Amino acid sequence: MKITRSTITTVLAGALAVIIGVGWYFGLYAPLAAHIATTQTQVGVDQSQLANDRVQLSQLIDDKHQAPLLRAQLRALTSALPTTFSLASFISQADATASKAGVPLLQITPLQPGAAPSTGASSAIVPGVSSVAFTAEATGTFVALMHFLHGLDHLGELVNISTIQLSSLSGGASNNPKINLSFTGVVYYHR
């Protein structure tokens, strides 16, 4: 087989086309495609951030509209709270409330600061409001214990009662058995 000049020209033209094609792919297309892919990924991240920012902006606008109402509620709360608090006075009031309900108050113990029981509500700190957590135990009939808890709810302080535990002291043979009540609570006051 004799190689002619036209064959050599055709082979060289084909090789040159392949070299130009490979050079174009690796020199221009591949980096550009990688840059486009990176840019598309960044656009997706930016769009996600924009959506989050829009939600946050909407929440801030809602908060701005709610601010006067929240300030009014805070003023009402702080005006409803006593400005002075005496632990001894609170314990005396709780004991008097228990006696009025016909319930012997076995104990009431303040907890260490910062040991307030969780109520499941938001634990945001309200400026100017302090609290004292406590545990208490009393014994009586169910009705008398409910009167006692109702009385605690109507003291001069704001009392939040949580974690109530009831246990029977008698086998339940009588119609009105004695019950042991244990609970935790928090007293709030304005400082």
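Contour minus end-to-end for Ser168 and Val18, with contour as 0.36 nm per residue of separation and end-to-end as the Cα-Cα distance?
44.7 nm
Under unit Cβ charges (Lys, Arg +1; Asp, Glu -1), what dipole magnitude, rounded to 20 debye, does the chain have relative to its Cα centre?
My answer is approximately 680 debye.
I'd like the accessible area for Thr9: 1.4 Å probe, protein heavy atoms, all chains in place, Å² to the nearest 10.
80 Å²
Picking from Ser89, Gly128, Val18, whose Cα lies most toward the positive end of the charge dipole for the chain (charges on Cβ: Lys, Arg +1; Asp, Glu -1)?
Farthest towards the positive pole: Val18.
Debye sum, Cα scatterers, the chain, no solvent: what log₁₀ I/I(0) at q = 0.12, 0.15, 0.16 1/Å?
For the requested q values the scattering log ratios are -0.80, -0.99, -1.05.
Which three extents, in angstrom, do the Cα atoms of the stretch 1-82 have along their principal axes, listed largest first?
The Cα atoms of the stretch 1-82 stretch 113, 19, 14 Å along the principal axes, largest first.
Order 11-22, 149-160 from most to least packed using the mean count of other Cβ atoms within 10 Å.
The most tightly packed comes first, giving 149-160, 11-22.
How high is the relative contact order of the chain, in percent, with contacts defined as C-alpha pairs under 8 Å that are six or more residues apart?
So the answer I get is 21 percent.
Which trypsin sites (Lys or Arg not before Pro) in the stretch 1-67 pass both tests, a DSSP loop state and at most 13 other beta-carbon atoms within 10 Å?
Lys2
Let me have the 222 nm mean residue ellipticity of the chain computed from DSSP H runs of 4+ only, each contributing -39500 (n - 2.57), with the sum over all residues rounded to the nearest 500.
For the chain, the value works out to -18000 deg cm²/dmol.
Pull out the extension gain between Asn180 and Ser99, defined as 0.36 nm times the separation in residues minus the alpha carbon to alpha carbon distance; nm, one decimal.
27.6 nm
Output wanted: per-residue J couplings in Hz (rounded whole) for the stretch 159-164, from phi through Karplus 6.51 cos²θ - 1.76 cosθ + 1.60, θ = phi - 60°, x for Gly and Pro.
Working through the residues one at a time gives 10, 10, 9, 9, 6, 7 Hz.
Tilt of helix 142-153 relative to the longest C-alpha principal axis of the chain, in degrees (0 to 90, nearest 10)?
70 degrees
Kindly express, to the nearest 10 degrees and within the range 0 to 90, the angle between helix 30-80's C-alpha long axis and the longest C-alpha principal axis of the chain.
Long axis of 30-80 versus the principal axis of the chain: about 20 degrees.
At 1.4 Å probe radius, can you tell me the per residue accessible area of the chain in Å²?
Computed with neighbouring chains in place, this is 69 Å² per residue.
Name the most mobile residue of Thr83, Thr141, Thr41, meaning the one with the largest mean-square fluctuation, in a Gaussian network model of the chain with Cα contacts below 10 Å.
Thr41
Say R0 is 35 Å: what FRET efficiency, to the nearest 0.05, do Leu32 and Gln56 get from their beta-carbon distance?
Efficiency for this residue pair is about 0.50.
First measure r as the distance between the Cβ atoms of Phe142 and Leu70, then evaluate 1/(1 + (r/R0)^6) with R0 = 45 Å and state the FRET efficiency to the nearest 0.05.
For Phe142 and Leu70, the calculated efficiency is 0.70.
Compute the helix-to-body angle for 5-24: its Cα long axis versus the longest principal axis of the chain, expressed 0 to 90° and rounded to tens.
Long axis of 5-24 versus the principal axis of the chain: about 20 degrees.
The values are calculated or read from the model by the stated rules, or taken from the named source; none is laboratory data. Given the structure is predicted, the values throughout are model-derived calculations rather than measurements. All Cβ positions, glycine included, derive from the backbone under ideal geometry; neighbour counts span all protein chains shown. Surface areas here come from the heavy atoms of the whole protein model, side chains and all, with no ligands, DNA or RNA. Shrake-Rupley method; radii C 1.70, N 1.55, O 1.52, S 1.80 Å.
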